[in-house]
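A.B. asks: Shown below is the structure under consideration.
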Amino acid sequence: MKESTKMLIHYVTGFLILVTGAIHLISNNLVSLKWIKETVWYPMSLGIFLAAVLYHSMNGLRVILVELFPGSSSGKIISTTLFIIGVVFFISGLYFLLVLFKWW
Amino acid sequence: MSELRKVQFKVFRFNPSIDTSPKWKIYEVEVDRGSTVLDALLKIKEEQDPSLAVRYSCRQAICGSCGMMINGKQRLACFTRVLELNTRVVVVEPLNNYPIVRDLITDFSDLFNKEKMVKPYIIRDDTLEMLNPTGMYLQKPEELLEYLQFADCIECGLCSSACPTYSTDSLFLTPMILNKAFRFSADSRDMGLHHRLPIIDSEHGCWRCHFAVACSSVCPKGIDPAKSIQLLKRMIASASIFKLVKKKETQLVSRHHAVESVV
């Protein structure tokens, strides 16, 4: 994947974290908007939030590490390791989410 | 004649082939209102210590050879008046982020190697016209304004020395090189963006810029490399992700016609 594509997804996920994070906070703290939690969109927004947070954080970490340890081979090792960590966290997070909403 | 004043110079001294560690030497120099730091350093070299190594050429902020850290900031020695610094002691060191050749001289080879990689010249598809030119390409004033500010770069390397990313990531292309890449990619006559993309849109390319703007604050020519990097990001995003490449159409005017219109 090109660096520009990675960074565009980074910015898009940043925006998604803002939107889905706001949905999560509002539906849990404003009594008048608690009905959001009853809809099918709420667990879906949490799923998007999970994916966005993981991509954004792992890519942020990659950028920091790539700068601290420059080199073509170290870049590949860092990217692959963080990708695997991200996928593991996403699968486990998704599993907990499905169990929580009794979809599993 | 303006009044002479004595100023102390604390100069960094290091010869990697002899010395095991750097040391500081203090010199006292008489300067007047118009004396630059380079004048003072050359006076030290002529009158007190001929072993002091300084690189310079034009003495008028055009060649970009005499960049150094003066009182902790990247400046051109020939473009900095001693008395305007307003300090009793002037601290002079080699530029940050570069290997030291000797004393105040730093090695720019890494920078120039990276510059070659971004192809800092106009690239065109019409090879025949390039090999056997029959005329010249017209450029509208508004097209010139797209890159004019960024074309003033004298390659003094002060921006790259001030760059916080380059201080940790030695493979980062640096503001000077990215500015150069933007200057040519934004030129209405150039068709070479796709040749430069593999380098500037890489892991250590323009996306590593944190927008600290340290580069723009030290540029002696008033260029804004931080801005050119952001514009380069926009250009890459349009071309590489959204495939929105503005087709450049440049009018070729024959030499005969061009000479006639000038006359």
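The values are calculated or read from the model by the stated rules, or taken from the named source; none is laboratory data. Every value quoted in this text rests on a predicted model; they were computed, and no experiment measured them. Positions of Cβ are generated from backbone atoms using ideal geometry, with glycine treated the same way; all protein chains shown enter the neighbour counts. When the accessible area is computed, the model is the full protein with side chains, heavy atoms only, and any ligands, DNA or RNA have been set aside. Shrake-Rupley method; radii C 1.70, N 1.55, O 1.52, S 1.80 Å.
A.B. asks: What is the Cα coordinate range of segment B:46-108 on the first, second and third principal axes, sorted by size from largest, in whole angstrom?
C.D. replies: Extents along the principal axes: 30, 26, 23 Å.
A.B. asks: Given H placed on each backbone N at 1.01 Å, which residues far from residue B:91 in sequence or on other chains put an amide H within less than 5 Å of it?
C.D. replies: B:10, B:71
A.B. asks: What number, in percent, do you get for the relative contact order of segment B:109-241 if the mean sequence gap of Cα pairs under 8 Å and at least 6 apart is divided by its residue count?
C.D. replies: Averaging sequence separation for qualifying contacts and normalising by length gives 32 percent for segment B:109-241.
A.B. asks: Over segment B:5-106, what percent of the accessible surface lies on carbon and sulfur atoms, probe 1.4 Å?
C.D. replies: 45
A.B. asks: With all distinct Cα pairs included, what does the Kirkwood hydrodynamic radius of chain B come out to in Å, to one decimal, could you say?
C.D. replies: 20.7
A.B. asks: Sticking with this one: Return the distance in nm (one decimal) between the two label points of a simple spin-label model at residue A:89 and residue A:68, each offset 7 Å from Cα along Cα→Cβ.
C.D. replies: In this crude spin-label approximation the distance works out to 1.5 nm.
A.B. asks: Which residues of segment A:1-19 end up with at least 40 Å² less accessible area in the presence of all protein chains than when their chain stands alone, using a 1.4 Å probe?
C.D. replies: Those residues are A:2, A:3, A:4, A:8.
A.B. asks: By residue number, which cysteines of the protein assembly as shown lack any other Cys whose Cβ falls under 4.7 Å from their Cβ?
C.D. replies: Cysteines lacking a close Cβ partner in the protein assembly as shown: B:66, B:78, B:153, B:156, B:163, B:206, B:209, B:219.
A.B. asks: Considering amide H positions built from the backbone, and no H for Pro or chain starts, which residues 5 or more places from residue B:65, or on another chain, come under 5 Å of its amide H?
C.D. replies: Under 5 Å from the amide H of residue B:65: B:57, B:58.
A.B. asks: A further question on this structure: Considering only protein heavy atoms and a probe of 1.4 Å, how much of the accessible area of segment B:188-262 is carbon and sulfur, as a whole percent?
C.D. replies: Of the solvent-accessible surface of segment B:188-262, carbon and sulfur hold 59 percent.
A.B. asks: Go through A:54, A:33, A:69 and say which Cα lies farthest out towards the positive end of the charge dipole of chain A; charges sit on Cβ, +1 for Lys and Arg, -1 for Asp and Glu.
C.D. replies: Toward the positive end, the furthest listed residue is A:33.
A.B. asks: Taking only C-alpha pairs under 8 Å that are 6+ residues apart, what is the relative contact order of segment A:21-97 in percent?
C.D. replies: After rounding, I find 29 percent.
A.B. asks: Please report, in debye to the nearest 20, how large the charge dipole of chain B is about its Cα centre when each Lys and Arg carries +1 at its beta carbon and each Asp and Glu carries -1 there.
C.D. replies: That gives a dipole near 400 debye.
A.B. asks: Quick one: divide the alpha-carbon radius of gyration of segment B:5-106 by 2.2 N^0.38 Å and tell me what you get.
C.D. replies: The reported ratio for this selection is 0.99.
A.B. asks: State in Å² the accessible area per residue of segment B:109-241; use a 1.4 Å probe, count heavy atoms of protein chains only, and round to the nearest integer.
C.D. replies: 42
A.B. asks: Per-residue Cβ counts within 10 Å, from other chains only, averaged over B:206-219: what number is that?
C.D. replies: 1
A.B. asks: In peptide A:59-68, how many Cβ atoms from other protein chains are near each Cβ within 10 Å, on average?
C.D. replies: Neighbouring Cβ atoms belonging to other protein chains average 3 per residue here.
A.B. asks: Using a basic spin-label model with each label point 7 Å from the Cα along Cα→Cβ, how many nm lie between residue B:128 and residue A:34?
C.D. replies: For the pair residue B:128/residue A:34, the computed spacing is 7.9 nm.
A.B. asks: Ranked from highest to lowest mean number of other Cβ atoms within 10 Å per residue, what is the order of the peptides A:32-43, B:224-235?
C.D. replies: B:224-235, A:32-43
A.B. asks: If N is the number of residues in segment B:191-256, what value comes out of its Cα radius of gyration divided by 2.2 N^0.38 Å?
C.D. replies: The reported ratio for this selection is 1.42.
A.B. asks: For peptide B:230-241, what's the mean number of Cβ atoms from other chains within 10 Å of each residue's Cβ?
C.D. replies: 2
A.B. asks: Apply the Karplus parameterisation 6.51 cos²θ - 1.76 cosθ + 1.60, with θ equal to phi minus 60°, to every residue of segment B:226-240 and state each ³J(HN,Hα) to the nearest whole Hz, in sequence, with x for glycine and proline.
C.D. replies: Along segment B:226-240, the couplings run 4, 5, 5, 5, 5, 5, 5, 4, 5, 4, 5, 4, 5, 7, 8 Hz.
A.B. asks: Relative to the longest principal axis of chain B, what angle (0 to 90°, nearest 10) does the C-alpha long axis of helix B:174-185 take?
C.D. replies: Result, in degrees: 30.
A.B. asks: Between residue A:104 and residue B:246, how many nm apart are label points set 7 Å from Cα along the C-beta direction?
C.D. replies: It works out to 5.1 nm between the two label points.
A.B. asks: Step through the residues of segment B:23-36 one at a time and calculate ³J(HN,Hα) from phi using the Karplus curve (6.51 cos²θ - 1.76 cosθ + 1.60, θ = phi - 60°), rounding each to whole Hz and writing x for Gly and Pro.
C.D. replies: 9, 10, 10, 10, 10, 10, 10, 8, 10, 10, 4, x, 5, 9
A.B. asks: Another question, if that's okay. Amide H to amide H under 5 Å from residue B:36: which residues, 5+ apart in sequence or cross-chain, H placed 1.01 Å off N in plane?
C.D. replies: Under 5 Å from the amide H of residue B:36: B:82.
A.B. asks: While we're looking at this one, here's another question. Quick one: putting +1 on the C-beta of Lys and Arg, -1 on the C-beta of Asp and Glu, what dipole do you get for the protein assembly as shown around its Cα centre, in Debye to the nearest 20?
C.D. replies: Using Cβ point charges on Lys, Arg, Asp and Glu, the protein assembly as shown gives about 780 debye.
A.B. asks: Right, another one. Give me the distance between the Cα centres of segment B:184-238 and segment A:9-81, rounded to whole Å.
C.D. replies: Cα centres, segment B:184-238 to segment A:9-81: 28 Å.
A.B. asks: Please label the shape of the protein assembly as shown as rounded, prolate or oblate, based on the square roots a ≥ b ≥ c of the eigenvalues of the alpha-carbon gyration tensor (a/c under 1.5 means rounded; beyond that, a/b larger than b/c means prolate, else oblate).
C.D. replies: Verdict is oblate for the protein assembly as shown.
A.B. asks: Which number comes out as Rg/Rh for segment A:3-100 once both Rg and the Kirkwood Rh are worked out on C-alpha atoms?
C.D. replies: Rounded to two decimals, Rg over Rh is 1.08.
A.B. asks: So if the hydrodynamic radius of segment B:109-241 is defined as the Kirkwood radius over C-alpha pairs, what does Stokes-Einstein give as its diffusion coefficient at 4 °C and 1.567 mPa s, in µm² per second?
C.D. replies: 85
A.B. asks: I need the peptides B:99-110, B:123-134 ranked by packing, meaning the mean over residues of other C-beta atoms within 10 angstrom, with the highest value on top.
C.D. replies: B:99-110, B:123-134
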